[in-house]
């Protein structure tokens, strides 16, 4: 009998409370969320809704005040800083709005960096794996370029390759198109959809409704609670949008 894979994310009753002087601020108020392997989820909500706090907890950058969090079958809540850092490095790939690339380091070296913190004792061919990750995002021919020699979209592709190079269970993307123009944003979204179609689990924070339509499921937050959790029957296909843009450009 084949054992079913555990959810990539499973939270129960997540509460996060911050203390500021005599005041308590409850950023999360009992979040129950399950993300199965291979899903593509957009997390939405207005400023102050708790989406950044939730992403920090899902990314093992912070710990809940109350509640449980299991990441790819591993119970995360209660781990100390070293334990959180270890599971974060092994299980999660991060993509940020600002790319966060080392400016004086080549694309290949940027992608290779997470592998240099590998502490499992596995013998890794880090150069080969970094090259393969760049190939996966279509940038093998830019391996020797510095970030300032790349366009914004190319820099974000390098960041995505860096997030993928460790073979994470989860790709966390925080406003990944926020610094990009419309066409480049659509190109990056098409890449996310392509990776998701290959089985990569993606959780993306965005405040833009049209961006969220590229996911397969939308989770909406307000005042620290989930107020919407809906599967999209007809997601926006970014590759089709790119084809339409190209056709319009030819006509013009």
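The values are calculated or read from the model by the stated rules, or taken from the named source; none is laboratory data. None of the values given here were measured: they were computed from a predicted structure. No Cβ is skipped: glycine too gets one built from the backbone with ideal geometry, and neighbour counts run over all protein chains shown.
Points worth noting:
- Conditions (1) more than 15 Å from the chain's Cα centre (by Cα); (2) at pLDDT below 95; (3) within 26 Å of residue 67 (Cα to Cα): number failed by residue 234: (3)
- Residue 173 satisfies every condition listed in (1) modelled with pLDDT under 95; (2) not in a helix (DSSP H, G or I) except (1).
- Scanning region 66-81 for residues that are surrounded by 16 or more Cβ atoms within 10 Å (Cβ to Cβ) and in contact (Cβ under 8 Å) with a residue 40 or more places away in the chain returns 67, 69, 70, 71, 72.
- Residues in region 204-231 that are modelled with pLDDT of 95 or more and part of a loop (DSSP other than H, G, I, E, B): 213, 214, 215, 216, 223, 224.
- Scan of region 162-179 for residues that are surrounded by fewer than 21 Cβ atoms within 10 Å (Cβ to Cβ) and either under 30 Å from residue 244 (Cα atoms) or out of contact with any strand residue (DSSP E or B) (no Cβ under 8 Å at 6 or more places or on another chain) (or both), ordered by number: 167, 174, 175, 178, 179
- Taken across region 148-157, residues that are in contact with a strand residue (DSSP E or B) (Cβ under 9 Å, 6 or more places away or on another chain), buried (at least 23 other Cβ atoms within 10 Å of the Cβ) and under 23 Å from residue 35 (Cβ atoms) do occur, with at least one present.
- Set side by side, the residues 31, 57, 9 differ, and just one is more than 16 Å from residue 168 (Cα to Cα), in contact (Cβ under 8 Å) with a residue 60 or more places away in the chain and crowded, with 19+ Cβ neighbours inside 10 Å, which is 31.
- Test result for residue 234, more than 17 Å from residue 176 (Cβ to Cβ) and surrounded by 12 or more Cβ atoms within 10 Å (Cβ to Cβ): no
- Residue count for region 238-250 satisfying the condition of being touching a helix residue (DSSP H, G or I) at 6+ places or on another chain (Cβ under 7 Å) and either modelled with pLDDT of 90 or more or closer than 24 Å to residue 217 by Cα (or both): 4.
- Positions within region 191-228 being on the phi > 0 side of the Ramachandran plot and surrounded by 15 or more Cβ atoms within 10 Å (Cβ to Cβ), in sequence order: 224
- Failed item, numbered, when residue 215 is tested on (1) closer than 22 Å to residue 56 by Cα; (2) over 18 Å from the mean Cα position of the chain (by Cα): (2)
- For region 121-137, the candidate set comprises residues that are out of contact with any helix residue (DSSP H, G or I) (no Cβ under 7 Å at 6 or more places or on another chain) and not in a helix (DSSP H, G or I); within that set, the residue that is modelled with the lowest pLDDT is 121.
- Qualifying position, being within 21 Å of the chain's Cα centre (by Cα), on the phi > 0 side of the Ramachandran plot and either assigned to a strand (DSSP E or B) or at pLDDT below 95 (or both), among 38, 48, 13, 30: 48
- Residue among 196, 179 that is under 19 Å from the mean Cα position of the chain (by Cα) and assigned to a loop (DSSP other than H, G, I, E, B): 179
- Residues satisfying the stated conditions in region 180-190, i.e. over 15 Å from residue 213 (Cα atoms) and surrounded by fewer than 16 Cβ atoms within 10 Å (Cβ to Cβ): 181, 183
- So residue 89, is it in contact (Cβ under 8 Å) with a residue 24 or more places away in the chain, surrounded by fewer than 16 Cβ atoms within 10 Å (Cβ to Cβ) and touching a helix residue (DSSP H, G or I) at 6+ places or on another chain (Cβ under 8 Å): no
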